[in-house]
Amino acid sequence: MSKKLDELLDIFGIPDLILHDVAKSGSFLLVISNKNDVHQVFKVDLNSLNNWINLTNVGERITTGDLSPDDSKFVFPKEQGGNEKHDLYITDIKTENPSVLLKLDSIRVLTPKWTPDGQAVLFDGSSEMDICLWRYVIATETLDIVYQTKQLHFPFQVNPHNSVVSWSEIKADNPTASRIKIINYQTGEVDTEIQASTDSMNYSIAWSEDGEKLLFSTNAPGDPTLAVWQSLDNSITYLQSTKLDLGIDYTSATWVPGKEEIVYAAKKNGSTKLYIENWQNEEPPQELPIPDGWVEPIRRVKGNSEMLYLAWSNLGTPTRIFEYNIIKKDFRLLIDSKPQSLSHPLSSGKLFTYPTFDSRDIPAFLVSPSADRQLPGKPCIVLIHGGPSWEFSQDWQAMGNVIQLYAGAGFTVLCPNIRGSTGYGKEFLELNLGDLGGGDLKDVLYARDYLLKLYPENKVIFLTGASYGGFMTYLTITKHPNLFAAGAAVVGITDWFEMHRLGDQVFKSFTERCFLGSPEEKTELYKDRSAINFVENLADPLYIVHRANDSRCPIEPIYTFVGKALSLKKDVKIYVEREAGHGFQKAEHLKKQYGGIVEFFLKITEKT
């Protein structure tokens, strides 16, 4: 790599910074960061913010876990080489030494959580054939399945007083609807079900401190809104934010301890605003002032009704963690992830819309390089996000470092929120269900058309993306050759039949929801949306990045695709990261993966 590119890759020296939790005592934060290359969970003392203690020093990335009710232990899932097959580990906060708690057999653990008495750990996860909620009682070393299903679900929430969890599950007969089940984790019985309407999407967010109320999200009134369910009378009360057009969807929300108030970050047009609302009266929500950008998540201290902790960022500002006083509206910086040594400037993003084939407006962010870095001819990159239920936004964690790398290299970066993206309402979110790789692919083609109108002198437009974005890259350049100068697919999907066959139950269910049916039920659709069936059309250079231990988008179909492409003498190159899987990556791995893409794009730009 050139010296200039090597300097650009310093962008990955900005570590991820994720606010995970705050101690019940209010004495320390738990943050997730790859500041030492690998993602780990750190304890950060609020009285000594430079003192970071690694609680998960087990040699693998750790991106979730739960602090015990008395702040004395931290439980977390450990994988092997990114394969997302986990064992449970536990760390004593005083000794800071992790050890094995429970060995598991090929289970993808999603989230472990303590029971309120600290005697057991609940965790949800997936085997090859089932999705389950398990309970592990530490004293007796007994592991039981509490609940078993084949349906996709949202993160569960543990009631702070009663032996129940809220479990939000997609309905088997309606992939656009979900219900919340209140499950007794001692008996396995479903005590009750919550669904604001029979065809609505509902998922739980947080129990109140008294355990009598559940804050949840629902789209029963139309677009997603917040609501409160009361266990005593089974009633539902809607908060006012969506009705007042303050937001569409919510990145984070939490109860204010000891009060009937809820603080939430309302999402609208790629940014968030912070509000506090009393759910029991009709007073309008009160805005809590924060800088323009993105808040996610919001954390509170047990019993403290004044203090919040939150993470904030925007496209040009890496994540910062703040302490926020609700009463004084005082915003105090605690941790800044941006190193002082970072040399090159960071570009801001501009939100706009462009028209697509069915007269809809597609929201997108445009990130331009600084004038001194702009390449001749204004070459562009169309970058497709993962998901598909995700979005580009002012959130730095939404590929901010990758976007800045591309802009720093001199490319104008267009980041469209094509149909199926979150943040733009129920109808827009569900547009690609049963049509993945159909209308959304046309939105990608219209993004290219928009760039050609915006920059008439431009002759070079690249297409790239990761995960779902990788799938879109493969399918677009095989079904529509000679439109893009080249493509770069990162951990993408080329064969949905194989994706389904090789996946565990979570990803079998995910695939069936995307296509509204199994491969046997929707055979022709699966074929039409699998790039492996269109390799012969490939006319554009293609750079592939994949990870050998990826269990979400397995590598076997990628090798098949590459083999077929090479046998047809197609211009395909592949880089495989051996000890890595899907999702969070080591900083050094990111430099190799995305540095290779930039080098690839620059060489083609120079030739054009």
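The values are calculated or read from the model by the stated rules, or taken from the named source; none is laboratory data. Owing to the predicted nature of the structure, the values given are computational and were not obtained by experimental measurement. When we count neighbours, we look across all protein chains shown, and the Cβ atoms used for this are built from the backbone with ideal geometry, even at glycine. Ligands, DNA and RNA are excluded from the accessible area calculation, which covers all protein heavy atoms including side chains. Shrake-Rupley method; radii C 1.70, N 1.55, O 1.52, S 1.80 Å.
How much length is gained if the chain between Asp210 and Phe331 is pulled fully straight, taking 0.36 nm per residue apart and subtracting their Cα-Cα distance, in nm to one decimal?
Extending this stretch completely gives an extra 40.7 nm.
Measure nothing fancy, just the Cα-based angle from helix 439-454's long axis to the longest principal axis of the chain, in degrees from 0 to 90, nearest 10.
Approximately 60 degrees, to the nearest ten.
Would you mind calculating the relative contact order of the range 448-606 from Cα pairs under 8 angstrom and at least 6 residues apart, reporting the percent as a whole number?
With pairs under 8 Å counted, the relative contact order is 22 percent.
Show me the ranking of peptides 311-324, 169-182, 254-267 by mean Cβ neighbours inside 10 Å, starting with the highest.
Highest-to-lowest ranking by the protection proxy: 311-324, 254-267, 169-182.
Keeping the other protein chains in place, figure out the carbon and sulfur percent of the accessible area of the range 183-227, with a 1.4 Å probe.
Carbon with sulfur: 39 percent of the solvent-accessible area.
For the pair Lys103 and Asp292, how long in nm is the line joining their label points, each one 7 Å along Cα→Cβ?
The answer from the label model is 5.6 nm.
Per residue, what accessible area does the range 27-154 have, given a 1.4 Å probe and all protein chains present, in Å²?
41
Using a 7 Å offset from the Cα along the Cα-to-Cβ direction at both Leu483 and Leu46, what is the distance between the two label points in nm, to one decimal?
5.2
Modelled label-to-label distance, Glu606 and Ser27, 7 Å Cα→beta-carbon offset: nm?
Inter-label distance under the simple model: 5.8 nm.
Which FRET efficiency, nearest 0.05, do Glu96 and Asp130 yield, Cβ-Cβ r, R0 45 Å?
Efficiency at R0 = 45 Å is approximately 0.80.
Work out the FRET efficiency for Lys453 and Asn184 from their Cβ-Cβ distance, taking R0 = 51 Å, and round it to the nearest 0.05.
The value I calculate is 0.30.
If a paramagnetic tag sat 7 Å from the Cα of Asn304 along the Cα-Cβ line, which residues of the range 36-60 would have the backbone N under 20 Å from that point?
42-53
Quick check: net charge around Lys267, other residues with Cβ under 10 Å of its Cβ, Lys/Arg +1 and Asp/Glu -1?
-2
I need the calculated FRET efficiency for the pair Thr140 and Gln80, taking r as the beta carbon distance and R₀ as 25 Å, to the nearest 0.05.
So the FRET efficiency works out to roughly 0.35.
Applying the Karplus parametrisation 6.51 cos²θ - 1.76 cosθ + 1.60 with θ = phi - 60° to the phi angles of the range 538-545, what ³J(HN,Hα) value in whole Hz is obtained for each residue in order, glycine and proline being reported as x?
4, 10, 9, x, 9, 10, 10, 10
How high is the relative contact order of the range 75-186, given as a whole-number percent (alpha carbon pairs under 8 Å, six or more residues apart)?
Relative contact order, the range 75-186: 14 percent.
Enter the angle in degrees (range 0 to 90, nearest 10) between the Cα long axis of helix 505-515 and the first principal axis of the Cα atoms of the chain, meaning the one along which they spread out most.
Between helix and principal axis, roughly 60 degrees.
Which net charge results for the neighbourhood of Leu452, defined as the other residues with beta-carbon distances under 13 angstrom from its beta-carbon, given Lys and Arg at +1 and Asp and Glu at -1?
+2
Determine which residues of the range 418-459 fall in the zone a paramagnetic label at Thr111 would reach in this model, i.e. backbone nitrogen under 18 Å from the point 7 Å along Cα→Cβ.
In the range 418-459, the label zone of Thr111 (backbone N under 18 Å from the point 7 Å along Cα→Cβ) covers no residue.
Provide the per residue accessible area, probe 1.4 Å, for the range 492-608, rounded to a whole number of square angstrom.
43
Please compare each pair in Lys4/Lys570; Lys103/Lys181; Lys213/Lys329; Lys378/Lys607 to a cut-off of 18 Å on the Cα-Cα distance and tell me which ones are over it.
Lys4/Lys570; Lys103/Lys181; Lys213/Lys329
Looking at (i) 0.94; (ii) 1.83; (iii) 1.13, which value of Cα Rg over 2.2 N^0.38 Å comes from a calculation on the structure shown?
After the calculation, the listed value that fits is (i).
Over the chain, what is the relative contact order in whole percent, taking alpha-carbon pairs under 8 Å and six or more residues apart?
Rounded, it is 10 percent for the chain.
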